1. Return the residue satisfying two criteria in turn: it lies in the stretch 56-71 and is surrounded by 18 or more Cβ atoms within 10 Å (Cβ to Cβ) and under 9 Å from the mean Cα position of the chain (by Cα), and of such residues it is modelled with the lowest pLDDT.
2. Give Leu82, Leu111, Leu123 a once-over and let me know the one that is surrounded by 10 or more Cβ atoms within 10 Å (Cβ to Cβ), of a type outside the set (Lys, Arg), modelled with pLDDT of 60 or more and farther than 22 Å from Arg26 by Cβ.
3. Would it be correct to say that Asp52 is at negative phi, at pLDDT 75 or above, of a type outside the set (S, T, N, Q) and open to solvent by 40 Å² or more (accessible area, probe 1.4 Å)?
4. For the stretch 85-94: of the residues being at pLDDT below 80 and crowded, with 20+ Cβ neighbours inside 10 Å, which is nearest to Trp68 (Cα to Cα)?
5. Go through (1) open to solvent by 40 Å² or more (accessible area, probe 1.4 Å); (2) outside any helix (DSSP H, G or I) for Gly5 and report which single condition fails.
Amino acid sequence: LCFFGVGWSRYLVLLFDDAARRLGLRVIACDRPGFGRSSPAAGGGFAAFARDVEALCATLRLRRVALWGHSVGCAYAAACALHEPLRRRRLAARLALVSPWVPLDSPGVPLHFRAARFFPHSLAALAAPGAV
């Protein structure tokens, strides 16, 4: 199961379709509340999303899944991994977090990431090819 960051939707898994088929994998992505064609959740948060994923797994009769999160989708993947009914049934076999989103004031966040929020256009210009 894939959980993407802000601005992405379930259609991004189409990029992985050929590779997944060659490996014998089924890649499933469900949109987070308010993204794609899903309706916004009314105060549900991570726990409600994990319950929705539990219902999706039951509907699709999935016996074992790997959870993959990108950016802020990592928080949703982690919530599913920690969701007690999924843990109890050992449904979520693996968890992979790719570029997890963390608050900028978290320990270990590089200074240039924290500074980027004050000077986003300047840093983007420096990162452009041939700028330096």
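1. His70
2. Going through Leu82, Leu111, Leu123 in turn, just one is surrounded by 10 or more Cβ atoms within 10 Å (Cβ to Cβ), of a type outside the set (Lys, Arg), modelled with pLDDT of 60 or more and farther than 22 Å from Arg26 by Cβ: Leu82.
3. Answer is yes for this residue.
4. Ala92
5. The one condition Gly5 does not meet is (1).
Matching residues to (1) among the acidic types (Asp, Glu); (2) over 27 Å from Glu84 (Cα atoms); (3) open to solvent by less than 60 Å² (accessible area, probe 1.4 Å):
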{"residue": "Leu15", "(1), (2), (3)": "no, yes, no"}
{"residue": "Gly24", "(1), (2), (3)": "no, yes, no"}
{"residue": "Asp31", "(1), (2), (3)": "yes, no, yes"}
{"residue": "Gly34", "(1), (2), (3)": "no, no, yes"}
{"residue": "Pro40", "(1), (2), (3)": "no, no, no"}
{"residue": "Gly45", "(1), (2), (3)": "no, no, yes"}
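The values are calculated or read from the model by the stated rules, or taken from the named source; none is laboratory data. Quick caveat, the model's predicted, so the values are computed rather than measured. A quick note on method: Cβ atoms are made from the backbone with ideal geometry, for glycine too, and the neighbour counts reach across all protein chains shown. Quick note on the areas: whole protein, heavy atoms, side chains included, nothing else; ligands and nucleic acids left out. Shrake-Rupley method; radii C 1.70, N 1.55, O 1.52, S 1.80 Å.
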